[in-house]
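Engineer: I'd like to ask you about the structure that follows.
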Amino acid sequence: MKELEDRYLNGSLTSQELDDFLVQLNSESDDAVAKRMESRWKNDKIDTSHVDFSELHSIWNRISDQIQPSYKEAILYHSWKWLQLVAVMLLPILLIFSVYFYHQNRVLSSEVVTMSTGKGERATITLPDGTKVALNEISTLKYNSRTFNRAQRQINFDGEGYFEVAKDPEHPFQINADKLNVKVLGTKFNLCARDQDGTAILALSEGKVLFTSLPTGENVVLFPHQKAVLNKLTGSISVEQIQQGLKDMTAWRRKEIVFRNAPLSFVIAKLEEIYGVKIIIKGNVSLNDLYTGTMSSADINVDLEILERLYHLKSEMYGNRVYIEK
């Protein structure tokens, strides 16, 4: 290990040797790495061949010009020696610390637990504190396994999920998402907070939550059957009363899509998004017709049949293209 470390510091490692060095470094404890750093600091002979003394002269001249003449001769010798010492010692110290911090970052990153779903996937997970989270498609939840459920219960979230938070008054459950923070003690709610969306929506089923806009610092307390909508552009929060709306927002858990007075153009765009298809309209089809009802989010053929019957349409599917006409 010492030989690889020596060659790393003088920049003579091959790519394969660098990989071997990092593997060995990551296998060691933090204490072992720290002790070896201390030993190098105290005992290693430092190579000064790489030091640019002309640059040191230039630095010293700039300092000297700002010193009063009566003090120059008195401190000239000691200051110059000090600059030399700093120059020859700084580079190897920085190199060693760069290795150490690389090691630390690898350790920290290994403590972050990431759970995610892809296109068309859904998953239900249980966190260490007993909190249950149902993840909708294209969602990511992260938490630090070392600190979660000890000093705090904090996660980072991007996507949509239904949370059933375990009660623990001494450790509030916190969700960090794009431009918002949610703080709860024990409750059930649906949160849709995707980084790329212009709004984030939380609909509360049970309990009480504190919903905070990070851009403005504005916060609201939500109670059951209320919905908070965050406008990410302005940072403003609006609160609405919901009754059936909560059931609509959690329809994804039942593999359903709920539309209420939605233009046909919106319905088609939603089907394209869910199934990853391109829907091409042929002929005289009115895209302004309104639709209220429930469709499947798991079978496009069932959804196309609903459109055919309601609007007297015909549809044909070739690969990822769907053609609809009168």
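What follows draws every value from the coordinates through simple rules; no lab data is involved. These numbers were taken from a predicted model, which means no experiment stands behind them. Here the Cβ is made from the backbone with ideal geometry for all residues, glycine too, and neighbour counts use every protein chain on show.
Engineer: Give the distance, in whole Å, between the Cα centre of segment 120-158 and the Cα centre of segment 208-225.
Structural biologist: Cα centroid of segment 120-158 versus Cα centroid of segment 208-225: 20 Å apart.
Engineer: Work out, step by step, the length gained on full extension between ASN284 and THR216: first 0.36 nm times the residue separation, then minus their alpha carbon distance; give nm to one decimal.
Structural biologist: Values: separation 68, 0.36 × 68 = 24.48 nm, distance 4.75 nm.
Answer, rounded to one decimal: 19.7 nm.
Engineer: Continuing with the same structure: Under the rule of at least 5 residues apart or a separate chain, name every residue whose amide H is placed under 5 Å from the amide H of LYS208.
Structural biologist: Residues meeting the criterion, in which the H sits 1.01 Å from N, are LEU185, GLY186.
Engineer: What does the highest-first list of 307-314, 182-189, 136-143, 247-254 look like by mean Cβ count within 10 Å? List each step's numbers first, then the result.
Structural biologist: On the way: 307-314: 13.4, 182-189: 20.6, 136-143: 18.9, 247-254: 17.1.
Packing order, densest peptide first, comes out as 182-189, 136-143, 247-254, 307-314.
Engineer: Continuing with the same structure: Taking a spot 7 Å from the Cα of ARG321 along the direction of its beta carbon, which residues of segment 260-283 have an amide N less than 13 Å from it?
Structural biologist: Within reach of a label on ARG321, which here means backbone N under 13 Å from a point 7 Å along Cα→Cβ, segment 260-283 contributes 278-282.
Engineer: With each label point set 7 Å from Cα along the Cα-Cβ vector, what nm distance links LYS255 and LYS35?
Structural biologist: Here the answer is 5.8 nm between the modelled labels.
Engineer: Applying 1/(1 + (r/R0)^6) with R0 = 35 Å to the Cβ-Cβ distance of ILE242 and HIS312, what FRET efficiency is obtained, to the nearest 0.05?
Structural biologist: Details: r = 34 Å, r/R0 = 0.98.
Plugging the Cβ-Cβ distance into 1/(1 + (r/R0)^6) gives 0.55.
Engineer: Defining a contact as two alpha carbons under 8 Å apart and six or more residues distant in sequence, what relative contact order in percent does segment 255-325 show? Mind dumping the intermediate values first?
Structural biologist: On the way: 95 pairs, mean separation 28.2, N = 71.
RCO, segment 255-325: 40 percent.
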